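The values are calculated or read from the model by the stated rules, or taken from the named source; none is laboratory data. All of these numbers come straight from a predicted model, not from anything done at the bench. Virtual Cβ from ideal backbone geometry, glycine too; neighbours counted across all protein chains shown.
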Amino acid sequence: MSTAVESRTIDTLLLEERRYPPPPEFAAEANAKPDIYSRSFEDFWETEGRERVTWFEPFTKLLEWELPYAKWYLGGKLNVCFNCVDRHVAAGNGDKVAYYWEGEPEGDRRELTFADLQREVVRFANALRKLGVRKGTAVAIYMGMVPELAVAMLACTRLGAPHTVVFGGFSAESLAGRMNDMGCELLITQDEGWRAGKPVPLKLNADEALASSPSVKQTIVLRRTGGGVSMQEGRDRWWDEVIDGEPDDAESCPCEPMESEDLLYLLYTSGTTAKPKGIVHTTAGYLVGVAATHHYIFDVKPDSVYWCAADIGWVTGHSYIVYGPLCNGTTGIIYEGVPNYPDPERWWEIVERYRPDILYTAPTAIRSHMKWGAEHAQKHDLSSLRLLGTVGEPINPEAWVWYREHIGGDRTPVVDTWWQTETGMILITPLPGVTTLKPGSATRPFPGVDAAVVDDKGNEVGPGAGGYLVLKRPWPAMLRGIYQDDERYRETYWSRFEDVYFAGDGARVDEDGDFWLLGRVDDVMNVSGHRISTIEVESALVDHPEVAEAAVCGRKDERTGQAIVGYVSLVGGREGSLEKLEELRNHVGKKIGPIAKPANIVFTPELPKTRSGKIMRRLLRDVAENRELGDTTTLADPTVVEEIKQRAATGKAEE
């Protein structure tokens, strides 16, 4: 292959041949059947729209598509809160548990039935109404993982007030920027949160943000830790005081009928250079999309207990902790804290206590558990689990297999899902009971989703070749633009290739038509004319039995264009050595070829991650090229990068 061709696509070097066909007994009971893929685009989404949600007025038109804007389920009226709460109570399921909540401090637990949830939501919605919140009033929510976060979101949707949830790990500056962009009039927060046994100063951060957020006139503060916080007279009110005396019967606060395309929420994604983008999600298409995907992909049953271990502050939590599962009437688990507090057994204690049959988490969390050791899981009864899922980034095959073997008892399907904040719902995924699973592959587009992999010129690539992931048709939960920025929306997602949505990710399609995600195109490294994805080199490193986690990036190199730098955490926190460095370089060379051997490997106990668990390769590139570090405010532990810098400076051992 010539260098000219290579520069237009992404080389794929890693071969993964393990296969896991659906167990016959799982397939017999699965929600999805093989014929689901033969349904037409229109039939699938029309049927899901009519059957998955309850309408006040039925829709009259499925889709209006004027590129790059879609409108779905036109003419219909509905309410998200009604679909997530009221209709389940009306159907006689009020006594069913909506959420098991586990606080981080040991023994801090609550149980909310759907009837409890309805009462909480109605009381809070009545309180919001008294403070002037109406249909269209923009509300910001800045909280930790407490049930009141879901209550606040549902109360907003009950009234038709669009919300933006700001992740509790974000800084005051991030909060202010988002509130100002949306023009929020009210903020809901809490005194403090808990993280790894320490209080998180949410109200203190909120006060700093409010100083530069003139549109916000009122704040509601939930008491969580009881820590002392300042309360500004006339602006700040305690949650328990505003709901005191408010009625909790559904008739006292009816659900606002909403048009299908009314704004449901904004969720901001960080731009690499510019201000964060306010991703617009509307009502009907989003709800149908997340409910349908939740039903088929996680194979939820009426008695399922489902645990998505993400944070509600991210899109995964919006779609697959709050709106999708509640729409389906599914019992969920919310956990407030970190996976290893007070020790690495915490998650497995939670599984043993609440007996979930479904667990959905990020590859970085799985690799952390690999590093801490399988013995922590082995002390607990995890036999309730019958399905595992992953989300957030491509999963290394070895992490996939470890997850299945040690958490799933070598019997559960693992659904590796690909989607984005922008897509609203999962788009590429196995369907358990139907799909033959391949470790590291997200397999096939969800029914009613049309995805492809193209080269630089927009031509679809052949089997085995790498390229750019695009979406060729609209889907119900897709973003309806960037808030008040049409030009940026068109430029970011629709200008790279004609008439298709460019996801910004690399991918390849194998001989069976299955998709393998290769990470962000921005992370692709150009080594001697070969475009190599970070995920493949990382997967080769993690394949070594002594490697718990790995991240790689490219740095400028006069000879090869870019050289590969690896950052590696060893199992059990062991220290690296020159011998180990050479062993790992040779291991990569053996797995995927000499071209992919890292020029240097830096051993580190931890990798720089956001609080949501994503590895910040941008900062690793800064370290590799001796640049001043970029923004570190979203890191779970900012000191990690400084330690890596020191190790990189003192431990260079290059080819």
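How many residues does the stretch 608-625 contain that are closer than 14 Å to Ser368 by Cβ, out of contact with any Leu (no Cβ under 6 Å at 6 or more places or on another chain) and part of a loop (DSSP other than H, G, I, E, B)?
Total satisfying the criteria: 4.
Looking at Ala27, is it in a helix (DSSP H, G or I), over 26 Å from the mean Cα position of the chain (by Cα), touching a residue at least 60 places away in the same chain (Cβ under 8 Å) and over 30 Å from Gly337 (Cβ atoms)?
Working: in a helix (DSSP H, G or I): yes; over 26 Å from the mean Cα position of the chain (by Cα): yes; touching a residue at least 60 places away in the same chain (Cβ under 8 Å): yes; over 30 Å from Gly337 (Cβ atoms): yes.
Spelling it out, Ala27 is indeed in a helix (DSSP H, G or I), over 26 Å from the mean Cα position of the chain (by Cα), touching a residue at least 60 places away in the same chain (Cβ under 8 Å) and over 30 Å from Gly337 (Cβ atoms).
Kindly provide the set of residues from the stretch 195-211 that are assigned to a helix (DSSP H, G or I) and either in contact with a His (Cβ under 6 Å, 6 or more places away or on another chain) or of a type in the set (A, V, I, L, M) (or both), ordered by number.
Just the residues of the stretch 195-211 that are assigned to a helix (DSSP H, G or I), to begin with: 202-210.
Residues satisfying the conditions are Leu202, Leu204, Ala206, Ala209, Leu210.
Within the group Ala540, Ala465, which residue is buried (at least 21 other Cβ atoms within 10 Å of the Cβ) and touching a residue at least 12 places away in the same chain (Cβ under 8 Å)?
On the way: Ala465 fails: buried (at least 21 other Cβ atoms within 10 Å of the Cβ).
None of the others qualify; the one that does is Ala540.
Does the stretch 55-68 hold any residues that are surrounded by fewer than 16 Cβ atoms within 10 Å (Cβ to Cβ) and either in contact with a strand residue (DSSP E or B) (Cβ under 7 Å, 6 or more places away or on another chain) or outside any loop (DSSP other than H, G, I, E, B) (or both), and which are they?
The answer is Phe56, Glu57, Thr60, Lys61, Glu64, Trp65, Glu66.
Is it the case that some residue within the stretch 346-362 is under 22 Å from Asp543 (Cα atoms) and not hydrophobic (A, V, I, L, M, F, W, C)?
Among the residues of the stretch 346-362, at least one is under 22 Å from Asp543 (Cα atoms) and not hydrophobic (A, V, I, L, M, F, W, C), which makes the answer yes.
Of all residues in the stretch 608-639, which are buried (at least 18 other Cβ atoms within 10 Å of the Cβ) and either over 19 Å from the mean Cα position of the chain (by Cα) or in the same structural domain as Lys198 (by TED's automatic domain parsing) (or both)?
Leu619, Leu620, Arg621, Asp622, Val623, Ala624
Arg110 - would you say it is in contact with a strand residue (DSSP E or B) (Cβ under 7 Å, 6 or more places away or on another chain), surrounded by fewer than 22 Cβ atoms within 10 Å (Cβ to Cβ) and not in a loop (DSSP other than H, G, I, E, B)?
When the stated conditions are applied, Arg110 passes them.
Which of the numbered conditions does Ala4 fail, given that it passes all the others? Conditions: (1) on the phi < 0 side of the Ramachandran plot; (2) surrounded by fewer than 18 Cβ atoms within 10 Å (Cβ to Cβ); (3) modelled with pLDDT of 95 or more; (4) outside any loop (DSSP other than H, G, I, E, B).
(3) is the only condition that Ala4 fails.
Condition (residue is modelled with pLDDT of 90 or more, in contact with a Pro (Cβ under 7 Å, 6 or more places away or on another chain) and farther than 19 Å from Met370 by Cα) applied to the stretch 557-564: is it met by at least one residue? Spell out the reasoning first.
Just the residues of the stretch 557-564 that are modelled with pLDDT of 90 or more, to begin with: 563-564.
Narrowing the set further to residues that are in contact with a Pro (Cβ under 7 Å, 6 or more places away or on another chain) leaves 564.
Still in the running and farther than 19 Å from Met370 by Cα: 564.
Looking through the stretch 557-564, at least one residue is modelled with pLDDT of 90 or more, in contact with a Pro (Cβ under 7 Å, 6 or more places away or on another chain) and farther than 19 Å from Met370 by Cα.
With respect to Ile535, is the statement that it is within 28 Å of the chain's Cα centre (by Cα) and more than 23 Å from Trp402 (Cβ to Cβ) true?
Answer is no for this residue.
In this structure, is Glu582 surrounded by fewer than 21 Cβ atoms within 10 Å (Cβ to Cβ), acidic (Asp, Glu), without any contact (Cβ under 8 Å) to a residue 40 or more places away in the chain and assigned to a helix (DSSP H, G or I)?
yes
When you go through Val453, Val415, Val449 one by one, which is the residue that is hydrophobic (A, V, I, L, M, F, W, C), part of a loop (DSSP other than H, G, I, E, B) and in contact with a strand residue (DSSP E or B) (Cβ under 9 Å, 6 or more places away or on another chain)?
So the residue among Val453, Val415, Val449 that is hydrophobic (A, V, I, L, M, F, W, C), part of a loop (DSSP other than H, G, I, E, B) and in contact with a strand residue (DSSP E or B) (Cβ under 9 Å, 6 or more places away or on another chain) is Val449.
Could you list, in sequence order, the residues of the stretch 284-305 that are within 21 Å of Thr412 (Cα to Cα) and within 16 Å of the chain's Cα centre (by Cα)? It would help to see each step written out before you state the result.
Just the residues of the stretch 284-305 that are within 21 Å of Thr412 (Cα to Cα), to begin with: 293-305.
Within the stretch 284-305, Thr293, His294, Ile297, Phe298 meet the criteria.
From the list Ala161, Ala155, Ala172, pick out the single residue that is in contact with an Asp or Glu (Cβ under 8 Å, 6 or more places away or on another chain), under 17 Å from Gln218 (Cα atoms) and not polar (S, T, N, Q).
Working: Ala161 fails: in contact with an Asp or Glu (Cβ under 8 Å, 6 or more places away or on another chain); Ala155 fails: in contact with an Asp or Glu (Cβ under 8 Å, 6 or more places away or on another chain).
None of the other options fit; the residue is Ala172.
Here are some conditions: (1) at pLDDT 95 or above; (2) within 30 Å of Asp485 (Cβ to Cβ). Gly177 meets all but one. Which one does it not meet?
(1)
What number of residues in the stretch 260-300 are farther than 11 Å from Pro325 by Cα and in a loop (DSSP other than H, G, I, E, B)?
Within the stretch 260-300, the first condition is being farther than 11 Å from Pro325 by Cα, and the residues that meet it are 260-286, 288-289, 296-297, 299.
Imposing the further condition that a residue be in a loop (DSSP other than H, G, I, E, B) reduces the set to 260-262, 270-276, 283, 299.
So the count comes out to 12.
Being part of a loop (DSSP other than H, G, I, E, B) and either among the aliphatic types (A, V, I, L, M) or under 20 Å from the mean Cα position of the chain (by Cα) (or both) is the requirement here; does Arg473 meet it?
no
Inside the stretch 356-406, can you point out the residues that are closer than 20 Å to Ala507 by Cα and assigned to a strand (DSSP E or B)?
Gly389, Thr390
How many residues does the stretch 39-67 contain that are over 22 Å from Val300 (Cα atoms) and of a type outside the set (Asp, Glu)? Even if it seems obvious, please write down each step before you answer.
From the stretch 39-67, those over 22 Å from Val300 (Cα atoms) are 40-43, 55-67; that's our starting set.
Still in the list and also of a type outside the set (Asp, Glu): 40-41, 55-56, 58-63, 65, 67.
Residues in the stretch 39-67 being over 22 Å from Val300 (Cα atoms) and of a type outside the set (Asp, Glu): 12 in total.
Residue by residue through the stretch 471-519, note down the ones that are among the basic types (Lys, Arg) and buried (at least 19 other Cβ atoms within 10 Å of the Cβ). Walk me through how you get there before you give the answer.
Within the stretch 471-519, the first condition is being among the basic types (Lys, Arg), and the residues that meet it are 472-473, 480, 488, 490, 496, 508.
Once the filter is applied, which keeps residues that are among the basic types (Lys, Arg) and buried (at least 19 other Cβ atoms within 10 Å of the Cβ), the stretch 471-519 yields Arg480, Arg508.
If you scan the stretch 521-563, which residues turn out to be farther than 15 Å from Pro598 by Cβ, in contact with a helix residue (DSSP H, G or I) (Cβ under 7 Å, 6 or more places away or on another chain) and among the charged types (D, E, K, R)?
Result: Arg531, Glu546.
Quick check on my filter: what residues within the stretch 432-444 are within 17 Å of Glu511 (Cβ to Cβ) and surrounded by 18 or more Cβ atoms within 10 Å (Cβ to Cβ)?
Thr435, Leu437, Lys438, Pro439, Gly440, Ser441, Ala442, Thr443, Arg444
If the Cβ limit is 6 Å and pairs must be 6+ apart or interchain, which residue in the stretch 225-239 that is assigned by TED's automatic domain parsing to the domain that holds Ala211 pairs with which residue that is surrounded by fewer than 10 Cβ atoms within 10 Å (Cβ to Cβ)?
Matching pairs, first to second residue: none at all.
Being within 27 Å of Tyr354 (Cβ to Cβ), among the β-branched types (Val, Ile, Thr) and out of contact with any Phe, Trp or Tyr (no Cβ under 9 Å at 6 or more places or on another chain) narrows it down to one of Val415, Val391, Val401, so name that one.
Sole residue among the options that is within 27 Å of Tyr354 (Cβ to Cβ), among the β-branched types (Val, Ile, Thr) and out of contact with any Phe, Trp or Tyr (no Cβ under 9 Å at 6 or more places or on another chain): Val401.
Enumerate the pairs (first residue in the stretch 163-182 and in the same structural domain as Arg134 (by TED's automatic domain parsing); second residue anywhere and polar (S, T, N, Q)) with beta-carbon separation below 6 Å, excluding pairs fewer than 6 apart on the same chain, so at least 6 apart or on different chains.
Going by the 6 Å Cβ cut-off, the qualifying pairs are Ser171/Thr633; Ala172/Asn205; Ala176/Ser212; Ala176/Ser213; Arg178/Thr164; Met179/Ser213; Asn180/Ser213; Met182/Thr164.
Residue-wise test of (1) without any contact (Cβ under 8 Å) to a residue 60 or more places away in the chain; (2) surrounded by fewer than 21 Cβ atoms within 10 Å (Cβ to Cβ); (3) within 14 Å of Leu149 (Cα to Cα); (4) not charged (D, E, K, R).
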residue: Ser304; (1), (2), (3), (4): yes, yes, no, yes
residue: Ile312; (1), (2), (3), (4): no, no, yes, yes
residue: Tyr323; (1), (2), (3), (4): no, no, yes, yes
residue: Pro342; (1), (2), (3), (4): no, yes, no, yes
